[in-house]
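Participant: Here it is, the structure, as structure tokens.
The values are calculated or read from the model by the stated rules, or taken from the named source; none is laboratory data. Here the structure is a predicted model, which is why all the values come from computation and not from measurement. Glycine also receives a Cβ, built like all others from the backbone with ideal geometry; neighbour counts cover every protein chain displayed. Calculation scope for accessible area: heavy atoms of the full protein, side chains included, ligands and nucleic acids excluded. Shrake-Rupley method; radii C 1.70, N 1.55, O 1.52, S 1.80 Å.
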Amino acid sequence: MRNQDLIAFAGGAIFGHRLRSALTALGIAVGITAVVLLTSIGEGIHRFVLAEFTQFGTNLIAVVPGKTETMGISAATISNVRPLSLNDAAALGRLPGVIAAVPVVQGNAPVESRGRSRRSMVLGVGPEMPAVWSMGVAAGRFLPPDDPRAPRAYAVLGKTLYTELFGDRSALGQRIRVGGDRYRVVGVMAPKGRFLGFDLDDAVYLPTAKALALFNRESLMEIDLLYREDASVDALLKQVRQRLVDRHGFEDFTIVTQQQMLDILGSVLDVLTFAVGALGGVSLFVGGVGILTIMTIAVRERTAEIGLLRAIGARHSQILALFLLEALLLAVLGGLTGVGLALGITGLLKLLAPALPVYPSPGYALLALLLAMVVGLISGVLPARRAAALQPLEALRAE
Amino acid sequence: MIRLTGAYRDYTMGTQTVHALNGVDLEVAQGEYLAITGPSGSGKSTLLHIIGLLDRLSQGGYELDGQDVTHLTDDKLARVRRETIGFVFQFFHLVPRLSAAANVELPLTLAGMVVAERRERVSAALESFSLADRADHRPDQLSGGQRQRVAIARAMVTKPAILLADEPTGNLDRNAGSEVVHILEELNRDGLTLLMVTHDPELSARARRQIRVIDGAIAKDHRGGPR
């Protein structure tokens, strides 16, 4: 039997029961819609979260005090930790392959200007912060490259803080007080948004040494390194570790690369996408059972027809192929409908709720279609085998 | 053409064994016109099914066209059926969703014949059974006689050597029945071997050879011309 004849015959059987076939295909369509939609949302969340984390750039290494790869930290080990210092940051900044090192300390303090006051986040950072965190300056300039141990009392305002304090007047050159100390505003940052609950716009950026003094701290909270794109990360990590061990005597710090974080995050998010996809898979499974049911009924209904086909010379394999193909066609019909439905819904979601992270990927849609075909074939196997196993005589008598 | 020797066909029904065929020896030559009669349950249908390779012997031998077909595999039997045997059934057995033409085409489609040749053969077959104007009708749009003619066209489109008819007029009114019988007899005159199971004595009397089956054995084998 020629392939197009097989398809025509199986297709004819499907169109012979229009409503029933449509309902059966609908079961698969709903399953595929669920799978595509849920994986689209999973993928959207994936991209959203990764974008959140990569907004500061990807070629980043963070060094934080304390060795946190071991589980228990007692008071004794904490006292052994030698804090990260501005000199550590300077030393790391001189490593080959490192473009910039930003010593970070964070806290909050009241910021005042002309009787207006607002409690904001205070970030003590180095002059290279905009390059390392991929942030832009909207007006004026960022902190100048002074001597890190004795910087001038300059401050840069985040967008929100600037608006709160100055409205639409220029802040450049104005004096403000941060925690009682006087600073001169030299710049205003471009808006950046929130990150993990921190509003980076409701912040004032001070030189690290000044911020340390403000918080009465000795040690940095973190040193962020920006490295060259072409640098070998492994070699660089080794150098960073060596340099700090040389300075501290032993490893009392932890190095986290942005890439490691992204990898871990990525694998977690992949599991999430897979999990929601599997939820959709449940409804696809139900759709598969629908095909199984209908095909079982079809074989029973068409037993006499199977007998006739066998009597006029159809082989076992031809009967098997006909019924398998019928199940497959039902599934493909449902699958295509489902993919179309899912794409329509995601398109509509994007239109109605643009903030919702939905990202339909063609790869997943194709995979879903393949999945539908596999489901169709698996659902078709049992009924088709039963049809093929019928003896022509018994089949003919069934009427 | 057809040679059955010591043919037995046993069925187990529950704990009982039923001998549907109980030692049948039968030879049918090419071009014969044979009617098989007998009371219901006598095994006449079983005999036809055995000859048509729809059923297998429990014991004995079957030679068809000089070939021993007793122990062929299922798929080989399907091939022999396709190439040498045509079937006409009491209930027509047309595929309801297919047109008359597509029903006639079915054996050729199954055989994988190319479309152009198929179309040619189908239209010739429809023509010769005066169905050309019914080609696109589905079975439920045809009368009983027309349906049976479609079934005969389907059986004949593969140009078989043997036509097996199981009560071909059993579901037809008198006029349609006699029309169908005349078609079958005409095919027989052109050299087709025709075997017909019937309980209608008038019909069986038309055959040149009549076999009466009782309790799975041939009780009477009468050769005589049509009266």
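Participant: Of all residues in the range B:94-134, how many are in contact with a His (Cβ under 8 Å, 6 or more places away or on another chain) and away from chain A (no Cβ under 12 Å)?
Facilitator: Quick first cut of the range B:94-134, residues in contact with a His (Cβ under 8 Å, 6 or more places away or on another chain) only: B:99-100.
Those still in the list that are away from chain A (no Cβ under 12 Å) too: B:100.
Total meeting the criteria: 1.
Participant: Taking B:V157 as the residue in question, decide whether it is free of Cβ contacts under 8 Å to residues at least 24 places away in the same chain and within 14 Å of chain A (Cβ to nearest Cβ).
Facilitator: no
Participant: Taking the range A:197-219, which residues are touching a residue at least 12 places away in the same chain (Cβ under 8 Å) and within 30 Å of A:F48 (Cβ to Cβ)?
Facilitator: Answer for the range A:197-219, where residues must be touching a residue at least 12 places away in the same chain (Cβ under 8 Å) and within 30 Å of A:F48 (Cβ to Cβ): A:F198, A:D199, A:L200, A:D201, A:D202, A:A203, A:V204, A:Y205.
Participant: Still on this structure, please answer the following. Identify, by number, the condition in (1) open to solvent by less than 10 Å² (accessible area, probe 1.4 Å); (2) under 45 Å from the mean Cα position of the chain (by Cα); (3) within 14 Å of chain B (Cβ to nearest Cβ) that A:L330 doesn't meet.
Facilitator: (3)
Residues checked against (1) open to solvent by 30 Å² or more (accessible area, probe 1.4 Å); (2) under 26 Å from A:I99 (Cβ atoms):
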| position | (1), (2) |
| --- | --- |
| A:S117 | yes, no |
| A:S120 | no, no |
| A:A155 | no, yes |
| A:L165 | no, no |
| A:D202 | no, no |
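Participant: Look at A:L212 and say whether it is open to solvent by less than 30 Å² (accessible area, probe 1.4 Å) and closer than 30 Å to A:V332 by Cα.
Facilitator: No, not satisfied.
Participant: To continue, here is another question. Give the residue, chosen from A:G266, A:G313, A:G347, A:G281, that is open to solvent by less than 40 Å² (accessible area, probe 1.4 Å), within 14 Å of chain B (Cβ to nearest Cβ) and at pLDDT below 90.
Facilitator: None of the others qualify; the one that does is A:G313.
Participant: Taking the conditions exactly as written (more than 14 Å from every other protein chain (Cβ to nearest Cβ), within 16 Å of B:P160 (Cβ to Cβ), of a type in the set (F, W, Y) and in contact with a helix residue (DSSP H, G or I) (Cβ under 8 Å, 6 or more places away or on another chain)), does B:Y62 satisfy them or not?
Facilitator: It is false that B:Y62 is more than 14 Å from every other protein chain (Cβ to nearest Cβ), within 16 Å of B:P160 (Cβ to Cβ), of a type in the set (F, W, Y) and in contact with a helix residue (DSSP H, G or I) (Cβ under 8 Å, 6 or more places away or on another chain).
Participant: Taking the conditions exactly as written (outside any strand (DSSP E or B) and at pLDDT 85 or above), does A:A275 satisfy them or not?
Facilitator: yes
Participant: Still on this structure: Which residue out of A:G338, A:G287, A:G347 is over 18 Å from A:A398 (Cα atoms) and out of contact with any helix residue (DSSP H, G or I) (no Cβ under 7 Å at 6 or more places or on another chain)?
Facilitator: Within the list A:G338, A:G287, A:G347, the selection yields A:G347.
Participant: Of the residues that make up the range A:113-124, is at least one assigned by TED's automatic domain parsing to the domain that holds A:S232 and out of contact with any helix residue (DSSP H, G or I) (no Cβ under 9 Å at 6 or more places or on another chain)?
Facilitator: yes
Participant: I need every pair where a residue in the range A:337-356 that is assigned by TED's automatic domain parsing to the domain that holds A:L370 has its Cβ under 9 Å from the Cβ of a residue that is among the charged types (D, E, K, R) and in a helix (DSSP H, G or I), sequence separation at least 6 or different chains.
Facilitator: Taking only residues 6 or more apart or on different chains, the pairs are A:L356/A:K350.
Participant: Which of the residues spanning the range A:246-263 are outside any helix (DSSP H, G or I) and either among the polar types (S, T, N, Q) or in contact (Cβ under 8 Å) with a residue 40 or more places away in the chain (or both)?
Facilitator: A:G249, A:E251, A:D252, A:F253, A:T254, A:I255, A:V256, A:T257, listed by residue number.
Participant: Starting from residues that are touching a residue at least 24 places away in the same chain (Cβ under 8 Å) and at the interface with another protein chain (Cβ under 8 Å from one of its Cβ atoms), keep the ones in the range B:76-93 and report whichever is nearest to the chain's Cα centre (by Cα).
Facilitator: B:F87
Participant: Report yes if A:G266 is assigned to a helix (DSSP H, G or I), more than 20 Å from A:L237 (Cβ to Cβ), of a type in the set (G, A, S) and touching a residue at least 40 places away in the same chain (Cβ under 8 Å), otherwise no.
Facilitator: On the way: assigned to a helix (DSSP H, G or I): yes; more than 20 Å from A:L237 (Cβ to Cβ): no; of a type in the set (G, A, S): yes; touching a residue at least 40 places away in the same chain (Cβ under 8 Å): yes.
Against the criterion (assigned to a helix (DSSP H, G or I), more than 20 Å from A:L237 (Cβ to Cβ), of a type in the set (G, A, S) and touching a residue at least 40 places away in the same chain (Cβ under 8 Å)), A:G266 does not qualify.
Participant: Just to be sure I understand, how many residues within the range A:284-310 are away from chain B (no Cβ under 12 Å), closer than 25 Å to A:G335 by Cβ, of a type outside the set (A, V, I, L, M, F, W, C) and surrounded by fewer than 18 Cβ atoms within 10 Å (Cβ to Cβ)?
Facilitator: Total satisfying the criteria: 2.
Participant: Among residues belonging to the range B:137-153 that are within 14 Å of another protein chain (Cβ to nearest Cβ) and without any contact (Cβ under 8 Å) to a residue 60 or more places away in the chain, point out the one that is nearest to the chain's Cα centre (by Cα).
Facilitator: B:A153
Participant: Condition first: of a type outside the set (D, E) and open to solvent by 90 Å² or more (accessible area, probe 1.4 Å). Now tell me which residues in the range B:181-205 satisfy that.
Facilitator: B:H182, B:R189, B:H199, B:P201
Participant: Can you confirm whether B:L72 is more than 8 Å from every other protein chain (Cβ to nearest Cβ) and either more than 27 Å from B:T198 (Cβ to Cβ) or not in a strand (DSSP E or B) (or both)?
Facilitator: Values: more than 8 Å from every other protein chain (Cβ to nearest Cβ): yes; either more than 27 Å from B:T198 (Cβ to Cβ) or not in a strand (DSSP E or B) (or both): yes.
Here the answer is yes, as B:L72 does meet what is asked.
Participant: Could you list, in sequence order, all residues of the range A:167-200 that are among the aliphatic types (A, V, I, L, M), over 16 Å from A:W133 (Cα atoms) and open to solvent by 60 Å² or more (accessible area, probe 1.4 Å)?
Facilitator: Listed by number, the list holds a single entry, A:L172.
Participant: Can you pull out every residue in the range A:231-245 that is surrounded by 14 or more Cβ atoms within 10 Å (Cβ to Cβ) and not in a helix (DSSP H, G or I)?
Facilitator: Quick first cut of the range A:231-245, residues surrounded by 14 or more Cβ atoms within 10 Å (Cβ to Cβ) only: A:231, A:233, A:236-237, A:239-241, A:243-244.
Within the range A:231-245, A:A231 is the sole residue that qualifies.
Participant: Determine whether A:R228 is in the same structural domain as A:D88 (by TED's automatic domain parsing), over 15 Å from A:G107 (Cβ atoms) and either modelled with pLDDT of 90 or more or open to solvent by less than 20 Å² (accessible area, probe 1.4 Å) (or both).
Facilitator: So A:R228 fails the test.
Participant: Right, another one. Of the numbered conditions (1) touching a helix residue (DSSP H, G or I) at 6+ places or on another chain (Cβ under 7 Å); (2) over 23 Å from A:I99 (Cα atoms); (3) surrounded by fewer than 21 Cβ atoms within 10 Å (Cβ to Cβ), A:V137 fails exactly one; give the number of that condition.
Facilitator: In the conditions (1) touching a helix residue (DSSP H, G or I) at 6+ places or on another chain (Cβ under 7 Å); (2) over 23 Å from A:I99 (Cα atoms); (3) surrounded by fewer than 21 Cβ atoms within 10 Å (Cβ to Cβ), A:V137 misses (2) alone.
Participant: As an exercise: evaluate B:K159 against (1) exposed (fewer than 15 other Cβ atoms within 10 Å of the Cβ); (2) over 18 Å from the mean Cα position of the chain (by Cα); (3) not aliphatic (A, V, I, L, M) and give the number of the one condition it does not meet.
Facilitator: (2)
Participant: Something else now. Can you tell me which of (1) away from chain B (no Cβ under 14 Å); (2) surrounded by 14 or more Cβ atoms within 10 Å (Cβ to Cβ) is the one A:A355 doesn't meet?
Facilitator: Every listed condition holds for A:A355 apart from (2).
Participant: Going by what's in this entry, would A:A342 be described as open to solvent by less than 40 Å² (accessible area, probe 1.4 Å), within 14 Å of chain B (Cβ to nearest Cβ) and hydrophobic (A, V, I, L, M, F, W, C)?
Facilitator: Numbers: open to solvent by less than 40 Å² (accessible area, probe 1.4 Å): yes; within 14 Å of chain B (Cβ to nearest Cβ): no; hydrophobic (A, V, I, L, M, F, W, C): yes.
No; evaluated as a whole, the condition is false for this residue.
Participant: Which of (1) modelled with pLDDT of 90 or more; (2) on the phi > 0 side of the Ramachandran plot; (3) not hydrophobic (A, V, I, L, M, F, W, C) does B:Q59 not meet, given it meets every other one?
Facilitator: Among (1) modelled with pLDDT of 90 or more; (2) on the phi > 0 side of the Ramachandran plot; (3) not hydrophobic (A, V, I, L, M, F, W, C), the lone unmet condition for B:Q59 is (2).
Participant: Among the residues of the range A:1-33 satisfying the criterion of being among the β-branched types (V, I, T) and within 14 Å of chain B (Cβ to nearest Cβ), which is surrounded by the fewest Cβ atoms within 10 Å (Cβ to Cβ)?
Facilitator: Result: A:I7.
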